[in-house]
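Colleague: Here it is, the structure, as structure tokens.
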């Protein structure tokens with residue numbers, strides 16, 4: 001029975017797998033739930049990565065990413081298509097992550113989810129130093145004010161342009177650049193004092 | 001010595017997009033160069049530590065299943081009433097308005113005496129420069145500016161299912177309500 005359901009879902013999804021995001025949204029709004037499955041499949045990695053960078057551990061990132069898609073499911077009918085679906089999902093993700101950050105302090109990454117040491121590395125000590133450095137930077141970013149933090153995440157890690165970030169955060173390009181400038185200045189001070 | 005770079009200009013310099021006189025200033029100003037280099041160093045340090053460990057290969061399927069289970073009980077929200085009822089009508093209204101404006105301008109152009117025409121070399125009149133007092137025409141113009149390419153295409157070439165004469169079918173009260181809804185919609189964030 002479950003196989004039959006899976007087969008039907010796969011057959012239906014095949015019809016949509018070649019269409020673009022805009023058509024997927026249209027299909028979803030017209031009642032095709034399988035269109036949303038494809039939206040999740042296409043965007044889950046980007047959403048998860050952004051969430052991971054906010055919280056620094058797999059379990060919380062997976063929970064947040066799920067929350068992002070549940071909110072997207074409820075709100076997709078209001079998506080007007082002015083920006084790309086990816087940009088809209090980034091906006092939902094940033095809102096979910098910042099709301100969560102406002103409620104809870106960032107969690108330290110458990111040691112077993114940290115990147116594994118590569119035996120081919122020249123010096124095992126390098127990997128340890130690199131890991132510790134990454135944790136220091138992550139903690140410093142977590143101390144930035146919310147919009148500065150989101151700007152750093154989207155610019156440095158997601159490689160979004162200032163224009164795209166302005167659409168995600170709903171601010172002007174000038175404000176994004178000013179935020180980025182202040183964020184880097186604050187980061188420099190935080191890293192210098194740690 | 002010109003003013004030092006602003007924060008935004010420093011960001012442009014970090015991105016390598018600072019040009020012109022400000023770029024010349026940067027080349028000549030050691031203090032600004034130090035600032036930009038420090039910012040770039042911080043951005044690079046952050047970038048070098050941003051790797052996200054790959055989750056287990058099984059995670060993604062599991063994740064999609066979790067999302068499906070969490071949304072299974074949720075109904076698919078219908079598009080807002082505005083989108084369903086007014087947007088197709090507005091597309092028709094925009095097309096009708098564009099045609100009407102073109103006809104009026106054409107008639108005025110023909111009727112204008114030779115002495116009142118713009119001098120040679122003057123910029124031709126465009127829709128954005130029209131002196132339109134009617135508030136509803138302003139609303140239609142703003143709405144058209146906010147339309148997507150697809151919608152403009154549809155407005156320019158309305159299909160059989162698009163009712164171009166929709167404005168004529170509305171009562172004055174309905175027209176006023178239409179204007180109010182457009183203004184409310186344009187004022188609301190996405």
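FYI, it's all coordinate maths here, none of it is from the lab. Since we're looking at a predicted model, the values are computed, not measured. Here the Cβ is made from the backbone with ideal geometry for all residues, glycine too, and neighbour counts use every protein chain on show.
Colleague: Can you tell me the relative contact order of region A:121-194? Whole percent, Cα pairs under 8 Å, sequence separation 6 or more.
Modeller: Values: 45 pairs, mean separation 24.5, N = 74.
Result for region A:121-194 is 33 percent.
Colleague: How high is the relative contact order of region A:11-107? Use alpha-carbon pairs under 8 Å, at least six apart in sequence, and give a whole percent. Before the final figure, lay out the partial values.
Modeller: Values: 72 pairs, mean separation 26.3, N = 97.
Normalised by residue count, the contact order of region A:11-107 is 27 percent.
Colleague: Which of the peptides B:55-61, B:17-23 is most tightly packed, and how do the rest follow, judged by the mean count of other Cβ atoms within 10 Å per residue? Walk me through the numbers before you get to the answer.
Modeller: Details: B:55-61: 11.4, B:17-23: 13.0.
In decreasing order of mean packing, B:55-61, B:17-23 become B:17-23, B:55-61.
Colleague: By the gyration tensor of its Cα atoms, with a ≥ b ≥ c the square roots of the eigenvalues, what is the shape of region A:11-107: rounded for a/c under 1.5, prolate for a/b over b/c, or oblate? Kindly include the intermediate steps, with their values, before the conclusion.
Modeller: On the way: a/c = 2.52, a/b = 1.93, b/c = 1.30.
Judged from the Cα gyration tensor, region A:11-107 comes out prolate (a/c at least 1.5, a/b above b/c).
Colleague: Enumerate the whole-percent occupancy of each 10 Å bin, from 0 to the last occupied one, for all C-alpha pair distances of region B:7-47.
Modeller: 32, 56, 12, 0
Colleague: Next question. I'd like the distance separating the alpha-carbon centroids of region A:145-166 and region B:1-21, in whole Å.
Modeller: Taking the Cα centre of each part, region A:145-166 and region B:1-21 sit 19 Å apart.
Colleague: Where in region A:39-72 does the amide nitrogen come within less than 17 Å of the point 7 Å from the Cα of residue A:15, taken along Cα to Cβ?
Modeller: In region A:39-72, the label zone of residue A:15 (backbone N under 17 Å from the point 7 Å along Cα→Cβ) covers A:39.
Colleague: Give me the tail of P(r) for region A:121-194 as a percent: Cα-Cα pairs with distance above 15 Å.
Modeller: Working: 1530 of 2701 pairs.
The proportion of pairs with Cα distances above 15 Å equals 57 percent.
Colleague: What's the ranking of A:79-85, B:42-48, A:37-43 by average number of surrounding C-beta atoms within 10 Å, highest first?
Modeller: On the way: A:79-85: 15.7, B:42-48: 18.3, A:37-43: 20.0.
Packing order, densest peptide first, comes out as A:37-43, B:42-48, A:79-85.
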